[in-house]
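Heads up: the structure comes next, in structure tokens.
The values are calculated or read from the model by the stated rules, or taken from the named source; none is laboratory data. Here the structure is a predicted model, which means the values were calculated and not measured. Virtual Cβ from ideal backbone geometry, glycine too; neighbours counted across all protein chains shown.
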Amino acid sequence: MATLRPKFITFDCYGTLTRFRMSDMTRTMFADRIAPDRMDAFVRDFAGYRVDEVLGAWKPYAEVIADAIRRTCKRWKIPVTPEEARAFYDAVPTWGPHADVPAPLKRVAEKIPLVILSNASDDQIMHNVRLLEAPFHMVLTAQQAKAYKPRLPAFEYMIDSLGCDPSELLHVSASLRYDLMSARDIGIRDTVYVNRGYEPSTPFYISHEIPDIAGLPGLVGL
């Protein structure tokens, strides 16, 4: 397999690098309202509404989360308070990386500039980035782009900010739905699917697959 030589390696953050704890929080918060045998379905519905909430015009991420959990609870006919909805948003900056992330990320950063494109708000993301322990050339957010992934304007904003051609990027994500399908559509030909088990692997949309970030240095000859 030929070694990849991208100008930049671009990453999704939450779920890919940072351990995304939204499902864990949901299970704990709603344990008094959802039966154990139905909790998986409730968690899936909340995830689905979060996707739907980012497909329209940009709005603050706190509203995305609040509207998604409100719609989920309406569907399930259970109560949710504004304080509970806000708790999800406030928890995000406290989440640290997957254990496999810091060491290989620092190794790759010595040779290739790293970039994050995240659906986070500006007041969240840098707390998580510091916990990753690696230097980043640029950290871009949906708030800056005024568009969330998987919408193409988010990716266009990243490409314009870097001043490069899509063919010069290697985009890395644990989500086909939020990242890798859109990356392919925007012309990023080299993509890496970090298969953390969130979504089924779909080879049509990816050029490389690894189980965790420990596999990344090998793809770029490090």
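Which of (1) surrounded by fewer than 19 Cβ atoms within 10 Å (Cβ to Cβ); (2) in the same structural domain as Glu133 (by TED's automatic domain parsing); (3) of a type outside the set (Phe, Trp, Tyr) does Cys13 not meet, given it meets every other one?
Of (1) surrounded by fewer than 19 Cβ atoms within 10 Å (Cβ to Cβ); (2) in the same structural domain as Glu133 (by TED's automatic domain parsing); (3) of a type outside the set (Phe, Trp, Tyr), only one is false for Cys13: (1).
When you scan the range 7-43, how many residues do you find that are in contact with a Pro (Cβ under 9 Å, 6 or more places away or on another chain) and assigned to a loop (DSSP other than H, G, I, E, B)?
4
What's the total number of residues in the range 126-171 that are assigned to a strand (DSSP E or B) and more than 14 Å from Cys13 (Cα to Cα)?
Kept after step one, since they are assigned to a strand (DSSP E or B), are these residues of the range 126-171: 138-141, 169-171.
After this cut, where a residue has to be more than 14 Å from Cys13 (Cα to Cα) as well, the list is 169-170.
Of the residues in that region, 2 qualify.
Here's a check for you: in the range 125-149, which residue that is in contact with a strand residue (DSSP E or B) (Cβ under 8 Å, 6 or more places away or on another chain) and polar (S, T, N, Q) is nearest to Met181 (Cα to Cα)?
Going through the qualifying residues, I end up with Thr141.
Tally up the residues in the range 185-218 that are part of a loop (DSSP other than H, G, I, E, B) and either farther than 19 Å from Leu169 by Cα or of a type outside the set (Ser, Thr, Tyr) (or both), please. Please lay out each step first, then the result.
Taking the range 185-218 first, the residues part of a loop (DSSP other than H, G, I, E, B) are 187-189, 195-202, 206-207, 211-212.
So of that shortlist, the ones also either farther than 19 Å from Leu169 by Cα or of a type outside the set (Ser, Thr, Tyr) (or both) come out as 187-189, 195-202, 206, 211-212.
The total comes to 14.
Just one of Pro166, Pro150 is buried (at least 18 other Cβ atoms within 10 Å of the Cβ), over 16 Å from the mean Cα position of the chain (by Cα) and farther than 17 Å from Pro102 by Cβ; which is it? First the steps, then the outcome.
On the way: Pro150 fails: over 16 Å from the mean Cα position of the chain (by Cα).
Answer to the selection: Pro166.
Here is a list: Asp179, Asp212, Asp190, Asp185. Which entry is exposed (fewer than 14 other Cβ atoms within 10 Å of the Cβ) and either in contact with a helix residue (DSSP H, G or I) (Cβ under 8 Å, 6 or more places away or on another chain) or not hydroxyl-bearing (Ser, Thr, Tyr) (or both)? Write out each step before concluding.
On the way: Asp179 fails: exposed (fewer than 14 other Cβ atoms within 10 Å of the Cβ); Asp212 fails: exposed (fewer than 14 other Cβ atoms within 10 Å of the Cβ); Asp190 fails: exposed (fewer than 14 other Cβ atoms within 10 Å of the Cβ).
Just one listed residue meets the conditions, Asp185.
Can you name the residue in the range 76-94 that is part of a helix (DSSP H, G or I) and touching a Phe, Trp or Tyr at 6+ places or on another chain (Cβ under 8 Å) and is also nearest to Ala41 (Cα to Cα) among such residues? Talk me through it step by step, then tell me what you get.
Step one: filter the range 76-94 for residues part of a helix (DSSP H, G or I), giving 76, 82-94.
Those still in the list that are touching a Phe, Trp or Tyr at 6+ places or on another chain (Cβ under 8 Å) too: 76, 89, 92.
Values: Trp76: 10, Tyr89: 22, Val92: 22 Å.
The extreme case among them is Trp76.
Of the conditions (1) within 25 Å of Asp40 (Cβ to Cβ); (2) surrounded by 17 or more Cβ atoms within 10 Å (Cβ to Cβ); (3) among the polar types (S, T, N, Q), Thr202 fails just one. Which one is it?
Thr202 satisfies every listed condition except (2).
Give just the number: which of (1) basic (Lys, Arg); (2) without any contact (Cβ under 8 Å) to a residue 60 or more places away in the chain; (3) within 30 Å of Gly218 (Cβ to Cβ) does Arg19 not satisfy?
It is condition (2) that Arg19 fails.
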